[in-house]
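Take a look at the structure below.
The values are calculated or read from the model by the stated rules, or taken from the named source; none is laboratory data. Not measured: the values here are computed from a predicted model. So basically every Cβ, Gly included, is an ideal-geometry build from the backbone, and we count neighbours across all protein chains shown.
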Amino acid sequence: MNERLRIKKVETLADDWYVLKKTTFEIQRRDGTWQQQSRETYDRGNGATILLYNLARRTVVLVRQFRFPAFANGHPGLLIETPAGLLDEATPEDRIKAEVEEETGYRVDRVRKVFEAFMSPGSVTEKLYFFVAEYDSGDKASLGGGKHAEGEDIEVLELSMESAMKAIESGDIVDGKTIMLLQYACIHLFEPTRKAA
């Protein structure tokens, strides 16, 4: 795409919590003509998310927290999610290990990356790294709950895999990254029992 894109102007519209920019550019269309466009991009850095699962007990660990943007769009505001956080210059593996302990209290030594995805590529630059890790009760190192200084007030939930999947169907789980990881787990981790059900 480099030869098909000409950046004309970049304006910073906001630089408070993260960076919002407006870029004006020309792009060469498939028919060879050039067209001028402008797009706003929100840059918050890349992030990572993880699903903790226990095969023997058929459970997963999720968190519930207030999300103002969801509230502003008509949702009650408390979202059930997989633990997640921005990389802040750490590797995805190191960041997600620290984040999952901060949010859930579970300390996991081994995490496995299962895929990467752009969650809202029309406007947000963030790429998310998706992980899974097994856990058991002995991995609980603290209560979790997030960092008070960062405004986090996180409730830790342990649900059966079946309950989590039903929560997607009922609309109780509406977070995209969480749905993606639960569906991954349903297909790749909990598959034998799922087929028998």
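Quick rundown of the values:
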{"item": "Residue list for segment 1-37, filter: loosely packed, with under 10 Cβ neighbours inside 10 Å and assigned to a loop (DSSP other than H, G, I, E, B)", "result": "MET1, ASP16, TRP17, ARG29, ARG30, ASP31, GLY32, THR33"}
{"item": "Any chance MET180 is in the same structural domain as PRO76 (by TED's automatic domain parsing), in contact with a Cys (Cβ under 7 Å, 6 or more places away or on another chain), crowded, with 19+ Cβ neighbours inside 10 Å and not in a strand (DSSP E or B)", "result": "no"}
{"item": "Residue that is farther than 30 Å from GLY171 by Cα and in contact (Cβ under 8 Å) with a residue 12 or more places away in the chain, where the choices are LYS21, LYS113, LYS97", "result": "LYS21"}
{"item": "Listing of strands (runs of 3 or more DSSP E) fully contained in segment 112-174 that carry 2 or more residues being at pLDDT 90 or above, assigned by TED's automatic domain parsing to the domain that holds GLU102 and within 18 Å of LEU79 (Cβ to Cβ)", "result": "127-134, 155-160"}
{"item": "Unmet requirement for LEU51, which otherwise passes all of (1) in the same structural domain as VAL100 (by TED's automatic domain parsing); (2) more than 30 Å from ARG112 (Cα to Cα); (3) in contact with a Ser or Thr (Cβ under 9 Å, 6 or more places away or on another chain)", "result": "(2)"}
{"item": "The lone exception for TRP34 - which of (1) within 27 Å of VAL132 (Cα to Cα); (2) hydrophobic (A, V, I, L, M, F, W, C); (3) at pLDDT 95 or above it fails", "result": "(1)"}
{"item": "Considering residues of segment 123-155 that are without any contact (Cβ under 8 Å) to a residue 40 or more places away in the chain and surrounded by fewer than 16 Cβ atoms within 10 Å (Cβ to Cβ) only, the residue farthest from LEU52 (Cα to Cα)", "result": "ALA149"}
{"item": "Condition check for VAL108: hydrophobic (A, V, I, L, M, F, W, C), assigned to a loop (DSSP other than H, G, I, E, B) and either touching a Leu at 6+ places or on another chain (Cβ under 6 Å) or closer than 24 Å to PHE190 by Cα (or both)", "result": "yes"}
{"item": "Odd one out for ALA98 among (1) touching an Asp or Glu at 6+ places or on another chain (Cβ under 7 Å); (2) among the small types (Gly, Ala, Ser); (3) modelled with pLDDT of 95 or more", "result": "(1)"}
